[in-house]
Amino acid sequence: MSRYNPKEQEPRWRAAWRDADTFLTKTPEQAQGRPKYYVLEMFPYPSGRLHMGHVRNYTMGDVVARYKRARGFNVLHPMGWDAFGMPAENAAIEKGVHPKGWTYDNIAAMRVQFDQLGLSLDWSREFATCDPEYYGQQQKWFAELFRRGLVYRKEATVNWDPVDNTVLANEQVIDGRGWRSGALVEKRKLTQWFLRITQYADDLIEGLKTLDRWPDKVRLMQENWIGRSQGLRFTFDLTGHPPEGFEGIEVYTTRPDTLFGASFVAIAADHPLAEQLAKSNPEIAVFAEECRRGAATEAEIETAEKKGLFTGLEVAHPFDPAWKLPVVIANFVLMDYGTGAVFGCPAHDQRDLDFARKYDLPVLPVVLPPDGTADSFKVDAEAYTGPGRIYNSRFLDGLSIEAAKAEAITRIEAAGRGHGSTVYRLRDWGVSRQRYWGCPIPVVHCAKCGPVAVAEDQLPVVLPDDVTFDKPGNPLAHHPTWKQTTCPQCGGPAERETDTLDTFVDSSWYFARFTNPHAASPIDREAADYWMAVDQYIGGVEHAVLHLLYARFITRALKDERMVGVAEPFAGLFTQGMVTHETFKGADGRWLAPAEVDYRTEGATKGFFETASGQSVTVGGVEKMSKSKKNVVAPEDIFDQYGVDAARLFVLSDSPPERDVQWTNSGVEGAWRFVNRVWAEVDGGTESGGVESEELLRATHKLIKAATEGLEGFRFNSAVAQFYAFLNTLKKAEGADRRAALRTLVVLISPFVPHLAEACWERLGGEGMAVDQPWPAFDPRLATDEELTLPIQINGKRRGEIRAPAGAAEEEVRRIALDDIDVQRHLEGLTVRKVIVVQDRIVNIVVG
RNA sequence: GCGGACGUGGCGAAACCGGUAGACGCAGCAGACUUAAAAUCUGUUUCCCAUCGGGAGUGCGGGUUCGAUUCCCGCCGUCCGCACCA
């Protein structure tokens with residue numbers, strides 16, 4: 001008996017698959033009518049190193065791809081690189097390397113690691129989004145959307161680092177300061193390119209209903225993100241002497257029923273009226289400046305202290321001109337949502353209530369809860385947002401909330417002050433980035449014609465290689481010659497756009513490009529019609545909203561261009577959890593990597609010690625593997641020690657795929673043990689002889705059923721547990737002929753541990769390769785037991801069990817149960833009131 | 001703050017439609033093999049009282065039900081996303 005040697009077996013089988021072109025995608029003709037199946041994992045950013053998260057993600061996709069292949073599907077399973085983005089530019093600044101060289105070097109390094117994983121990928125379709133062949137095609141469709149008016153320019157706010165003179169991403173703003181300079185970050189307005197995703201808002205909501213193989217939570221998150229709300233848009237008239245040109249303030253509300261509870265009107269700091277007032281009022285200017293600084297993200301804005309500044313202006317209530325409300329500038333009102341102005345109703349909105357308490361504004365309840373009375377109901381520290389009847393509201397009194405909303409809208413519309421309107425939380429997608437390492441926006445600016453899309457025969461607009469990163473800001477903008485060009489429309493002198501596209505654009509259509517990555521047009525319609533939509537898309541849940549929503553939007557936009565036939569790119573979606581690990585800190589507070597730590601017994605104390613110093617180590621929380629906390633286990637070290645299959649098996653085994661899995665050394669050793677046990681069984685089970693065992697046959701069919709259901713339902717951990725259990729059964733079946741059972745087991749584990757399966761298949765004398773074996777079918781009669789053990793409950797408490805034939809009639813089971821000696825003992829002196837028999841499950845005897 | 005999830009032994013978990021809670025793995029304990037150790041194999045392992053046996057138990061508090069980890073209401077805790085990270 002020989003120990004399984006992954007170092008010898010694994011490269012051998014990878015070479016065998018490669019030499020046989022096993023994973024080369026078949027054309028529809030070659031597939032000979034077999035149904036297609038498109039499996040895709042979210043493609044990686046080429047950081048240069050494979051991490052355990054990749055191992056988990058791509059192993060899951062591989063299991064699906066190999067399983068579907070065994071089920072007879074014609075499978076497309078491609079891989080590429082999401083290769084544009086900030087890290088390459090950061091490397092250029094910090095290490096003086098060129099983003100292009102850095103990126104392609106990383107791709108080459110990662111490709112080697114990917115090959116080791118033994119994935120069933122068709123590498124002939126590989127591309128990187130930074131290949132001009134890819135982004136040039138992207139520029140083609142982008143130019144089309146521009147001509148169609150789906151692309152436009154408008155002013156938008158960016159984070160500006162006044163020391164580095166550069167735009168900062170939100171993640172580069174740390175506590176309101178630039179990450180490199182440490183300078184206080186300012187908000188600055190720039191003219192930027194936008195994609196009109198809001199035009200598709202309703203379609204994107206409606207489309208969610210068709211995505212029945214998406215997790216409910218992701219659909220819900222997208223719906224909430226789009227945030228369609230019905231409400232009222234209307235104008236409060238300014239009274240007294242407002243600045244010239246400002247007669248009123250237009251607000252949007254989803255609660256027009258609470259209009260009589262209004263006690264102030266709040267506008268955003270960058271509302272035109274606020275900006276006008278700031279010109280002549282230094283106090284307002286200072287406050288607006290304060291609002292402009294700091295908070296880069298919505299989360300920070302929403303959690304920041306609610307602050308306001310009274311402008312001294314007043315507006316009249318729309319239903320009572322004599323009723324005046326103060327106008328305040330508030331840091332929690334967003335210019336991007338609705339009209340950038342709201343009315344505050346403190347009694348029925350918590351944020352408004354907090355604000356009203358702070359600035360001593362009236363709190364007027366206008367919705368009476370069902371169990372409240374007008375005299376007793378008070379709003380104190382908590383706003384009331386529940387159901388009820390309207391009161392304190394003149395002509396709305398007594399109405400339900402819904403009826404009052406309708407009535408308020410009708411009256412406002414009749415008065416010509418506004419109209420009912422649908423508003424989305426979703427904003428148009430700002431795609432401009434003032435950076436070098438991205439897809440150039442294919443537009444030129446002509447003094448005569450304005451912005452003009454680059455003509456198709458002049459694409460791609462290629463990034464120049466000769467750029468420098470010694471000056472702050474966008475290297476494309478400083479390039480001496482690159483931006484000088486001629487106008488495609490009038491032929492006059494013109495300048496290229498120097499902004500590049502958000503990398504989310506690159507990842508919004510790559511799945512369609514994979515169907516024919518070498519096509520002369522962005523998408524080969526015939527190939528896309530055959531392969532799209534992606535049948536199973538797999539990736540991190542952190543992409544639940546942005547990437548997945550953008551990809552759905554672009555697919556719809558391209559469908560309207562007739563470039564693709566489907567509206568929804570991903571028919572099935574699976575969002576997998578992260579790989580986590582314990583964190584360790586040394587005595588001096590430094591983070592320590594797992595490799596720097598030992599578990600041992602030191603005198604009386606057991607625990608973790610730093611290997612180098614022998615000092616004791618604090619064990620922190622279990623967190624996502626990250627460089628900053630050093631709780632990273634390098635996949636290559638694991639492959640080296642246990643082989644790829646053990647690593648693959650472990651990331652699939654311990655936790656359900658949608659949940660986080662905690663990497664542990666002992667866990668991967670368990671997987672390694674399994675690999676060896678399978679090998680040992682196969683090694684010792686190849687000889688004929690032994691008796692045919694019905695028990696083993698039944699166990700085998702049960703296993704096929706369980707494995708198949710586990711794979712279909714994305715319960716890989718359960719499937720793996722069944723393999724382990726089957727191995728235990730197999731060990732105990734001494735004297736039985738195990739050859740058939742082993743062959744079946746090997747085919748079933750093949751998607752999980754493909755190298756081991758091939759080695760075993762060969763040892764068992766199977767024909768061809770394990771990867772080419774069809775998925776075994778099970779006989780439903782053999783996959784269930786003939787006689788079952790049924791628990792007997794008395795008043796819901798388990799009091800015994802009986803044996804009964806499967807499918808036995810209720811009467812028979814009832815008789816066996818009541819005759820049972822244990823049951824009778826418990827029933828002594830009691831009256832049986834009812835006997836509930838659930839077929840093949842349980843018997844519950846109710847006594848009184 | 002808003003939106004979404006999750007919470008079961010010492011640990012990772014299973015229980016798919018409301019029907020035996022803890023499959024499978026890890027760690028632990030006991031044993032076999034060994035001069036010894038490692039590796040491997042066998043058994044055992046939710047907690048409490050215990051001889052048979054009984055009681056409690058799925059974050060906490062309530063509810064529906066013959067029966068609740070599963071459904072409903074309220075609370076607590078943890079994690080993810082929040083639009084220029086990918």
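With each label modelled as a point 7 angstrom along the Cα→C-beta vector, the A:Arg394-A:Val847 pair spans 7.3 nm. Against the criterion of solvent-accessible heavy-atom surface with a 1.4 angstrom probe, A:Arg698, A:Arg3, A:Arg525 sort, most first, into A:Arg3, A:Arg525, A:Arg698.
Considering only A:Thr468, A:Cys446, A:Ile409, and ranking their Cα positions along the charge dipole of the stretch A:402-487 that arises from unit charges at the beta-carbon of Lys, Arg, Asp and Glu, the one farthest toward the positive end is A:Ile409.
A:Asp203 contributes about 70 Å² of solvent-accessible surface, heavy atoms of the protein only, 1.4 Å probe. Seen through its C-alpha gyration tensor, with square-root eigenvalues sorted a ≥ b ≥ c, the stretch A:511-552 comes out prolate because a/c lies at 1.5 or above while a/b is bigger than b/c. If you plug the beta carbon distance of A:Ala520 and A:Ser47 into 1/(1 + (r/R0)^6) with R0 = 35 Å, you get a FRET efficiency near 0.65. Inter-part distance, the stretch A:122-169 to the stretch A:181-226, computed on C-alpha centroids, equals 17 Å.
The stretch A:46-76 and the stretch A:234-270 have Cα centres separated by 55 Å. Please work out the Cα center distance from the stretch A:728-798 to the stretch A:517-583, rounded to the nearest Å. That distance is 36 Å.
Under 5 Å between amide hydrogens, built in the peptide plane, is the criterion, and for A:Arg177 it picks out A:Val185 among residues at least 5 positions away or on other chains.
Evaluating 6.51 cos²θ - 1.76 cosθ + 1.60 at θ = phi - 60° for every residue in the stretch A:107-119, the Karplus couplings come out as 4, 4, 5, 6, 4, 4, 5, 4, 4, 4, 5, x, 7 Hz, glycine and proline recorded as x. Accessible area per residue was computed with a 1.4 Å probe on protein heavy atoms; A:Asp397 scores about 80 Å².
Of A:Gly207, A:Gly796, A:Gln138, whose Cα points farthest to the positive end of the dipole of chain A (charges on the beta-carbon: +1 Lys, Arg; -1 Asp, Glu; origin at the Cα centre)? Sorting the options by dipole projection puts first A:Gly796. Expressed as a whole percent, the proportion of Cα-Cα pairs in the stretch A:668-762 lying more than 19 Å apart is 36%. About its Cα centre, chain A has a charge dipole of approximately 260 debye under the convention of +1 per Lys or Arg Cβ and -1 per Asp or Glu Cβ, with nothing else charged. Using the Karplus relation 6.51 cos²θ - 1.76 cosθ + 1.60 with θ = phi - 60°, the per-residue 3J(HN,Hα) values for the stretch A:761-770 come to 4, 5, 4, 7, x, x, 7, x, 10, 4 Hz, with x marking Gly and Pro. Rolling a 1.4 Å probe over the protein heavy atoms leaves A:Tyr135 with an accessible area of roughly 0 Å².
In chain A, helical runs assigned H by DSSP with n ≥ 4 each contribute -39500 (n - 2.57); averaged across all residues and rounded to the nearest 500, the mean residue ellipticity at 222 nm is -10500 deg cm²/dmol. Projecting the alpha carbon convex hull of chain A along each direction and taking the average yields 50.0 nm².
Among the listed pairs A:Lys140/A:Lys189; A:Lys797/A:Lys834; A:Lys26/A:Lys68, which are separated by more than 19 Å between their Cα atoms? Before the final figure, lay out the partial values.
Values: A:Lys140/A:Lys189 28 Å; A:Lys797/A:Lys834 15 Å; A:Lys26/A:Lys68 14 Å.
Table pairs above 19 Å Cα-Cα are A:Lys140/A:Lys189.
Based on the convex hull around the alpha carbon atoms, the stretch A:130-268 presents an average projected area of 15.3 nm². Check the straight Cα-Cα distances from A:Lys378 and name the lysines below 24 Å, setting aside those fewer than 8 residues away within the same chain. Counting by Cα, and skipping residues close in sequence, A:Lys378 has these lysines nearby: A:Lys306, A:Lys324, A:Lys358, A:Lys405.
Taking only pairs that are 8 or more places apart or on different chains, how many Lys pairs in the stretch A:533-656 have Cα atoms under 16 angstrom apart?
Values: A:Lys585/A:Lys624; A:Lys585/A:Lys627; A:Lys585/A:Lys629; A:Lys585/A:Lys630.
Lysine pairs satisfying the spacing and distance rule in the stretch A:533-656 number 4.
Report the FRET efficiency, 1/(1 + (r/R0)^6), for A:Glu786 and A:Asn728, where r is their Cβ-Cβ distance and R0 is 22 Å, rounded to 0.05.
Details: r = 22 Å, r/R0 = 0.99.
So the FRET efficiency works out to roughly 0.50.
Contact order for chain A, expressed relative to its length and based on alpha carbon pairs under 8 Å spaced 6+ residues apart, stands at 13 percent. Summing Cβ point charges (Lys, Arg +1; Asp, Glu -1) relative to the Cα centre of the stretch A:17-66 gives a dipole of roughly 120 debye.
Got a sec? What order do A:Met79, A:Met221, A:Met625 fall in by accessible area at 1.4 Å, biggest, i.e. largest, first?
On the way: A:Met79 0, A:Met221 85, A:Met625 30 Å².
Ranked list, largest accessible area first: A:Met221, A:Met625, A:Met79.
Ordering A:Thr708, A:Thr157 by accessible surface, largest first, gives A:Thr157, A:Thr708; the 1.4 Å probe counts only protein heavy atoms, with every chain in place.
Across the stretch A:157-171, computed HN-Hα scalar couplings (Karplus, 6.51 cos²θ - 1.76 cosθ + 1.60, θ = phi - 60°) run 8, 10, 7, 10, 8, x, 8, 7, 6, 8, 7, 10, 6, 3, 6 Hz from first to last residue, x flagging Gly and Pro. Using r as the Cβ-Cβ distance of A:Gln484 and A:Arg562, and R0 as 41 Å, what FRET efficiency do you calculate, to the nearest 0.05? Result of the calculation: an efficiency of 0.70. Amide hydrogen proximity for A:Ile538: with H placed 1.01 Å from N in the peptide plane, the residues at 5 or more positions away or on another chain lying under 5 Å are A:Leu40, A:Glu41, A:Met42, A:Phe574. Placing a label point 7 Å from the Cα of A:Glu250 along the Cα-to-Cβ line, the residues of the stretch A:276-299 whose backbone N sits under 20 Å from it are A:276-277.
Take each of the peptides A:649-661, A:300-312, average the number of other beta-carbon atoms within 10 Å over its residues, and list them starting from the highest. Don't skip to the end; give the middle numbers.
Values: A:649-661: 20.6, A:300-312: 15.1.
Listed from highest to lowest mean packing, they are A:649-661, A:300-312.
Close amide-amide hydrogen proximity is noted between A:Ala494 and A:Thr485, A:Thr486, A:Cys487, each under 5 Å apart and 5 or more residues distant or on a separate chain (H modeled in the peptide plane; Pro and chain starts excluded). Each residue, A:Asp354 and A:Glu283, gets one label point 7 Å from its Cα in the Cβ direction; the gap between the two is 2.4 nm.
The values are calculated or read from the model by the stated rules, or taken from the named source; none is laboratory data. This one's a predicted model, so the numbers in the text were calculated from it and none came from an experiment. As a convention, Cβ positions derive from the backbone with ideal geometry for all residues, glycine included, and neighbour counts pool all protein chains shown. Areas reflect the complete protein model, heavy atoms only, side chains present, ligands, DNA and RNA absent. Shrake-Rupley method; radii C 1.70, N 1.55, O 1.52, S 1.80 Å.
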